[in-house]
Each structure stands twice: as C-alpha cells, then as structure tokens.
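A.B. asks: Could you have a look at this structure, given as structure tokens, before my questions?
The values are calculated or read from the model by the stated rules, or taken from the named source; none is laboratory data. For clarity, every value in this text was computed on a predicted model and none was experimentally measured. When we count neighbours, we look across all protein chains shown, and the Cβ atoms used for this are built from the backbone with ideal geometry, even at glycine. Just the protein is used for accessible areas: all its heavy atoms, side chains included, with ligands, DNA and RNA removed. Shrake-Rupley method; radii C 1.70, N 1.55, O 1.52, S 1.80 Å.
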Amino acid sequence: MYLKEFEIRWNDIDANRHLANKAYIEYAAHTRMSFLTEYGFDYKTLQKHDIGPIVFYEHMYYFKEVFAGKPVRVSLELSGLSEDGKFFEFTHNFYDHKGGNFAHCEMMGAWIDLKTRKLIALPVEMMELLNVVEKASYYRVLTKEDTRRFAKQPVDLG
C-alpha cells in the first residue's frame, strides 16, 4: 500500500472547522500523482507520449470528522486496470495521526491522448511500469462496461 502524509493547512478547513470535502479530493489527487511519478509516470514521460490521466468519478465516503493540528495520511491501492491499461481504478483510505480510518474514496479514470482528445491504451513501456505495482487484494481486470456501471447520462438544460 502506498501512503502519503499531509499537514492540514488553514485553507483545507471549512466553515465547520473540520477538513473540507474539497481537501479530500485534493489530497487523493496529490497522492495519485505522487504515486504515478514514483512509478515512472512523471511529467516528462507523460509529455513524451502526449497523454494524461482523466477522472471518470470519485466517490467519497466520510466516517468521522478530522480537524487541524495533526497530520493525516492517504493511502492508494491499485484496485483495477483494463488489459490494455486504458482504464484504471484506485482506492484511497484516509487515516488520522493514530491510524484511524476516517474516510474512503473509490476513483476510476482513463488515459487520454492530448492531441486527439480520445481515450487510449497505455503505451507498452508504461503498461510495464504498472505491471510491477502491488495490487489490492480485491483487484480486478476492468472492462469498458465497468466505466458505465452507474449508468449516469448527461441531461442538458431546456
């Protein structure tokens, strides 16, 4: 399991004086990018292939409040990947300074070609980087159908 520690900053707190929901999303995103960078998905590599990660959804589950004053840690586990690497799923858990789990996040995303703006499979050299990553005990191979399991569709105004 990958872990990243965060100091709760003043602007991470909301009007109720606890960690704001935006901070959870920001901590999870920063944890993902740190993880990817450490596993070879740095900006130089992404630029070389002209690709970038996109988010389909992030589902947050809050268990208890957390306040400023003590650091928090955010975990990351690779919980799913399609055979071609196009789709990925990460799971995050949020822990207080004593190791208590105060929130959980499930995130699914994909890779986009930054020229065509279309979803693409990972280049072989990048897929090989993910093949060595420790996978969650509940890891699964993703399919395109998994990306639509919540069956949400856009509804335009008027």
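A.B. asks: Which of the residues belonging to the range 1-26 are of a type in the set (Asp, Glu) and in contact with a Pro (Cβ under 7 Å, 6 or more places away or on another chain)?
C.D. replies: GLU5, GLU7
A.B. asks: What number of residues within the range 120-142 are polar (S, T, N, Q) and more than 18 Å from the chain's Cα centre (by Cα)?
C.D. replies: Residues that pass the stated criteria total 0.
A.B. asks: Hey, could you check the range 9-56 for residues that are more than 19 Å from the chain's Cα centre (by Cα) and of a type in the set (A, V, I, L, M) and say which is farthest from PHE88 (Cα to Cα)?
C.D. replies: That would be ALA15.
A.B. asks: Between a residue in the range 86-107 that is free of Cβ contacts under 8 Å to residues at least 40 places away in the same chain and any residue that is open to solvent by 10 Å² or more (accessible area, probe 1.4 Å) and β-branched (Val, Ile, Thr), which pairs come within a Cβ distance under 8 Å, given they are 6 or more apart or on different chains?
C.D. replies: Final answer for the pair search is LYS86/ILE120; ASP96/VAL66.
A.B. asks: Sticking with this structure for a sec: Looking at the structure I just gave you, is ARG117 part of a strand (DSSP E or B) and over 14 Å from the mean Cα position of the chain (by Cα)?
C.D. replies: no
A.B. asks: Continuing with the same structure: Exactly one condition in (1) in contact with a strand residue (DSSP E or B) (Cβ under 8 Å, 6 or more places away or on another chain); (2) at pLDDT below 95; (3) farther than 20 Å from LEU3 by Cα is false for LYS44; which is it?
C.D. replies: (1)
A.B. asks: Mind checking which residues of the range 115-156 are open to solvent by 100 Å² or more (accessible area, probe 1.4 Å) and either modelled with pLDDT of 95 or more or within 15 Å of THR91 (Cα to Cα) (or both)?
C.D. replies: Once the filter is applied, which keeps residues that are open to solvent by 100 Å² or more (accessible area, probe 1.4 Å) and either modelled with pLDDT of 95 or more or within 15 Å of THR91 (Cα to Cα) (or both), the range 115-156 yields LYS115, ARG117, LYS118, GLU134, SER137, TYR138.
A.B. asks: For LEU129, state whether it is outside any loop (DSSP other than H, G, I, E, B), in contact with a Lys or Arg (Cβ under 9 Å, 6 or more places away or on another chain) and either in contact (Cβ under 8 Å) with a residue 24 or more places away in the chain or under 29 Å from ASP50 (Cβ atoms) (or both).
C.D. replies: No, not satisfied.
A.B. asks: Go through the range 26-60 and give me each residue that's without any contact (Cβ under 8 Å) to a residue 40 or more places away in the chain and of a type in the set (A, V, I, L, M).
C.D. replies: Hits for the range 26-60 are ALA29, MET33, LEU36, LEU46.
A.B. asks: Here's something else I'd like to know. With respect to the numbered conditions (1) out of contact with any strand residue (DSSP E or B) (no Cβ under 7 Å at 6 or more places or on another chain); (2) buried (at least 16 other Cβ atoms within 10 Å of the Cβ); (3) at pLDDT 95 or above, which one is the sole condition not fulfilled by GLY109?
C.D. replies: (1)
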